[in-house]
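Worksheet: the structure to be examined is printed underneath.
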């Protein structure tokens, strides 16, 4: 194999990325540096949707909580935006311990020089609940779970079953985008792609909901479908979308490694 092929394994490959517009930039850059032609088709948007009553009540008692739990980088980012609107000193967090799913979420927390004390190897809410239970710190502990409109109930249920006192803090909503006038979607319909990358269950749900806007023509190339992790793969299978490859861990680098191995 030539050095060019080694350095640019995606040369002459078309890859569809489906994250939010804001999050796609980093993935696009990584893929383009490896030679890919990237079709940017954001299938979801994530925007703040703050339950102000819950926010005021939780912030008023912030020092009384033992853990705060995040399941997405968006939740962590919006939490700190709101925190610094109400407080001018990070010490207002008191002895609050931080738990999260995934390296991207951990990085959002670590930006503020805060240690993540609990993060499971598998990036799922269920695994996070199990990891927290394994700390033996939940009996009567007060826990904040930062949520969006599409979060599953499993995490909260498992924490409550472990005798934690859980307060939800809804901070964001995830919605499907409108692809009717998206030029990259039109390009995909006409030409297809070598691979299409799903980065969350919500991107899969939006792909299915907007199948008419993404239906390929007869001569368009059939892509391989990739998943960033177990929950996304489960949603793909539920919707009869083949899981051609899955990231070994829920990071962009691991996702890209899985794609290189498959292509």
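Share of antiparallel DSSP beta bridges in segment 47-175, in percent to the nearest 5? Walk me through the numbers on the way to the answer.
Values: 2 of 18 bridges.
Roughly 10 percent of the beta bridges in segment 47-175 run antiparallel, per DSSP.
With r as the distance between the Cβ atoms of residue 165 and residue 25 and R0 = 51 Å, compute the FRET efficiency 1/(1 + (r/R0)^6) and round to 0.05. If you can, show how the numbers build up before the last one.
On the way: r = 39 Å, r/R0 = 0.77.
Efficiency at R0 = 51 Å is approximately 0.85.
Decide, for the chain, between rounded, prolate and oblate: order the square roots of the alpha carbon gyration tensor eigenvalues as a ≥ b ≥ c, take rounded if a/c falls under 1.5, and otherwise choose prolate if a/b is larger than b/c, else oblate. If you can, show how the numbers build up before the last one.
Values: a/c = 2.10, a/b = 1.94, b/c = 1.08.
Prolate shape, in that a/c is at least 1.5 and a/b is the bigger ratio.
Pop a pseudo-label 7 angstrom from the Cα along the beta-carbon direction at both residue 85 and residue 37 and give the gap in nm to one decimal.
Output for this residue pair reads 4.3 nm.
Expressed in nm to one decimal, what extension gain is obtained for the pair residue 57 and residue 45 from 0.36 nm per residue of sequence separation less their Cα-Cα distance? Spell out each step's value before the answer.
On the way: separation 12, 0.36 × 12 = 4.32 nm, distance 2.75 nm.
Full extension from residue 57 to residue 45 adds 1.6 nm.
When only C-alpha pairs under 8 Å and at least 6 residues apart count, what is the relative contact order of segment 47-175, in percent?
Relative contact order, segment 47-175: 33 percent.
Among DSSP beta bridges whose residues both lie in the chain, state the antiparallel percentage, nearest 5.
15 percent
I'd like the FRET efficiency for residue 95 and residue 180, computed as 1/(1 + (r/R0)^6) with the beta carbon distance as r and R0 of 35 Å, rounded to 0.05.
On the way: r = 50 Å, r/R0 = 1.43.
FRET efficiency, residue 95 to residue 180: 0.10.
Once the Cβ-Cβ distance between residue 112 and residue 134 is put in as r, and R0 is 30 Å, what FRET efficiency do you end up with, to the nearest 0.05?
On the way: r = 25 Å, r/R0 = 0.85.
Once rounded, the FRET efficiency stands at 0.75.
If you stretched the chain out fully between residue 237 and residue 121, how much longer would it get, using 0.36 nm times the residue separation minus the C-alpha to C-alpha distance?
Working: separation 116, 0.36 × 116 = 41.76 nm, distance 2.24 nm.
Full-extension gain reported as 39.5 nm.
Taking a ≥ b ≥ c as the square roots of the eigenvalues of the Cα gyration tensor of segment 92-153, is the shape rounded (a/c under 1.5), prolate (a/b larger than b/c) or oblate? Write down the numbers at each step before the final one.
Numbers: a/c = 1.32, a/b = 1.05, b/c = 1.26.
Cα axes put segment 92-153 in the rounded bin.
With runs of 4+ DSSP H residues as the only contributors, calculate the mean residue ellipticity of the chain at 222 nm using -39,500 (n - 2.57) per run, divided by the residue total and rounded to the nearest 500. Walk me through the numbers before you get to the answer.
On the way: 11 runs with 104 residues, N = 263.
Result for the chain: -11500 deg cm²/dmol, rounded to the nearest 500.
Only the coordinates and a few stated rules stand behind these numbers; no lab work does. The shown structure was predicted, so the numbers you read here are calculated from the model rather than taken from an experiment. Cβ: placed from backbone, ideal geometry, glycine included. Neighbour counts: every protein chain shown.
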